[in-house]
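Coordinate-derived values only; no laboratory data. What you are looking at is a predicted structure, and each value in this text was computed from that prediction instead of being measured. Cβ: placed from backbone, ideal geometry, glycine included. Neighbour counts: every protein chain shown.
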Amino acid sequence: METVRTRPGAGRQGGSGRRLTRRQAVGALVAEAGGSPLRRTMGVGQLTLLSVGATLGTGIFVVLGQAVPQAGPAIVVSFVLAGVTALFSALSYAELAGMIPGSGSSYSYAYATMGELIAWVCGWCLILEYGVSVAAVAVGWGQYVNELLRLTVGVTLPDALSAPPGAGGTLNVPAALIVVLAMAVLLRGAKESAVANTVMVTVKIAALVMFCAVAFTAFRAGNFQPLFPLGTAGMSAGAASLFFSYIGFDAASTAGEEARNPQRDLPRAIILSLVLVTALYVLVAVAALGAMPWRQFAGTEATLSEVLVRSVGGGNLWPVLLSVGAVVATTSVVLTVQYGQIRILFAMSRDGLVPPLFSKVHPTTGVPRANTVIVSAFIAVLAALVPLGSLADATSIGTLFAFMLVNLAVVLLRHRNPDAPRSFRVPFSPVTPVLGMGFCVYMLFSLGADTWIAFAAWMAAGLAVYGLYGIRHSKLDHGAGPQEGA
């Protein structure tokens, strides 16, 4: 498809419909990423751990209590099925991240394939996925800190200082504190943030490996008989619940402009992180189910520490160690997801869809400083004051919508730009990305009505922002960049 450079104001001439469907040229996105002011300091190892840090969070420490009663011992198979479901989208992310190695992730991929309006919708979904989920995880961090205090010194923070107004408190200080601490690390630079994340990911992987080693001392093979007590329907229901434990593997795609060799390393990091996380989840599930009969999970939170207390004993030792691991795990998630949110807004700002302040980079640290402070302040206030409720649940719908668009983008770019350089190609395309879209649609329609209502309200607000600001300030509306014909 022919690429043309628009004249100043040319984006307005095709009418509002053309303005909504104008696309950025793939070559222009690649060139823009190549000249980025962000510093390229990350190798494949740090990129992989960035995605692991965003994915391997609080979920595995509590998810078994919710999912095991649905599937029984077949929860092990459910983890594999959920991982395979995520893999379809991960393969599409890998192809596009190698092809368009920018900071915008699926927002940029949508801009190159489906036009500006869909790109905005995707970016708005990512703000929901990243920004609101950071606040939710920060609230979880505060709860784990309170539990650790109870186990070690026998005291907890009063509700007035550890819960938001709608949940019986006044101000959730720990939730706001962890966001501010993450901001302090992020302001130091991408390299320093990656080093901190590497340490934390190592600690939380070690905590899960420790759990498995201890739980296997009480392993009973009979706990897996029968494997499918609730049938394959129960196994599928468990997989649907567990899918959201895999959200975050796309975090590496937001680091495209800070990777030393993005075309080579981004696809590797995305797929490696998903394989590593899936292996850990399956190992933990096998150890937990082997140590405690599946029926005992019903009616309890069945955290990993509770599994060890019931099956192994040892007093407070294991709960303390696993609580430390959970605190570190949530810290890593806050850091990496906050990082991703900042980079996505950086890309949207560079395209003119949000104010230019978000794309100004500090000359000494190579960090979008104002962006980092503004985003962190917003998340800290949200975590401290707002009971997230159905809005937090809506992070799942935003994620699935973005995943669906990424799979569609692979199909469209294969058709429009078949000869464009690709460092990784999705095998069996278009079947694989179409299956990825199908799984996302299935998951979307398994969500509740409240989630859809919250999502609709969020999207209405986003379209208002785009109509009032984005469409008028887009760089394509002012001839500031190459644009592909509709």
Which ³J(HN,Hα) values, rounded to whole Hz and listed in residue order, are derived for segment 83-99 from phi using the Karplus coefficients 6.51, -1.76 and 1.60 in 6.51 cos²θ - 1.76 cosθ + 1.60 with θ = phi - 60°, glycine and proline given as x? x, 5, 4, 5, 4, 4, 6, 4, 5, 5, 4, 4, 5, 6, 5, x, 8
Cβ under 12 Å from E257's Cβ, E257 left aside: what net charge do those residues give with Lys, Arg +1 and Asp, Glu -1? +3
Per residue of segment 336-347, what does 6.51 cos²θ - 1.76 cosθ + 1.60 with θ = phi - 60° give for ³J(HN,Hα)? Whole Hz please, x for Gly and Pro, Karplus curve as stated. 6, 6, 4, 4, x, 4, 5, 5, 5, 5, 4, 5
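Apply the a/c threshold of 1.5 to the C-alpha gyration tensor of segment 100-257 and tell me whether it is rounded, prolate or oblate. Intermediate values should be presented prior to the final figure.
Values: a/c = 1.66, a/b = 1.15, b/c = 1.44.
Judged from the Cα gyration tensor, segment 100-257 comes out oblate (a/c at least 1.5, b/c at or above a/b).
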Counting sequence-distant residues (5 or more places) and residues on other chains, those with an amide H built under 5 Å from that of R23 are E484
What is the spread of the Cα atoms of segment 181-264 along each of their three principal axes, largest first, in whole Å? 52, 30, 28
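Quote the relative contact order of segment 12-484 in percent (integer), defining contacts as alpha-carbon pairs under 8 Å separated by 6+ residues. Mind showing how you got there, number by number?
On the way: 854 pairs, mean separation 155.8, N = 473.
Contact order relative to length: 33 percent.
Give me the compactness ratio for segment 10-122, meaning the Cα radius of gyration over 2.2 N^0.38 Å. Please list the in-between numbers first.
On the way: Rg = 19.4 Å, N = 113, 2.2 N^0.38 = 13.3 Å.
Computed over Cα atoms of segment 10-122, the ratio equals 1.46.
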FRET efficiency estimate (nearest 0.05) - Cβ-Cβ, I453 to R310, R0 35 angstrom: 0.35
Scan (1) 22.4, 73; (2) 22.4, 78; (3) 39.8, 154 for the value of Rg and Dmax of the Cα atoms in Å calculated from this model and give just the label. (1)
How far is helix 44-55 tilted, in degrees, relative to the longest principal axis of the Cα atoms in the chain, given as a value from 0 to 90 rounded to the nearest 10? 60
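From the helices alone, meaning DSSP H stretches of at least four residues, give me the mean residue ellipticity at 222 nm for the chain, per-run term -39500 (n - 2.57), in deg cm²/dmol to the nearest 500. Present the calculation step by step, with values, prior to reporting the outcome.
Details: 19 runs with 313 residues, N = 486.
One gets -21500 deg cm²/dmol as the mean residue ellipticity at 222 nm.
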Kindly write out, for segment 446-452 in residue order, the coupling ³J(HN,Hα) from the Karplus curve 6.51 cos²θ - 1.76 cosθ + 1.60 (θ = phi - 60°), rounded to whole Hz, with x marking Gly and Pro. 8, 7, x, 4, 4, 5, 5
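Filter the chymotrypsin sites (Phe, Trp or Tyr not before Pro) in segment 143-245 down to the DSSP loop ones having no more than 10 other Cβ atoms within 10 Å, then list what survives. Kindly include the intermediate steps, with their values, before the conclusion.
Numbers: sites: Y144, F211, F216, F219, F224, F243, F244; in loops: F219.
Answer in residue order: no site qualifies.
To one decimal place, what Kirkwood hydrodynamic radius in Å is obtained for segment 263-311 from all pairs of distinct Cα atoms? Show your work: numbers first, answer last.
Values: mean 1/r = 0.0789 Å⁻¹.
So the Kirkwood estimate lands at 12.7 Å.
Percentage of Cα-Cα pair distances in segment 81-128 greater than 15 Å, rounded to whole percent? Write out the running numbers ahead of the final one.
Values: 550 of 1128 pairs.
Distances greater than 15 Å cover 49 percent of the Cα pairs.
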Mind jotting down the three principal axis lengths of segment 305-370 based on Cα atoms? Whole angstrom, largest first. 58, 25, 11
At a 10 Å Cβ-Cβ cut-off, how would you order F249, F401, fewest neighbours first? F401, F249
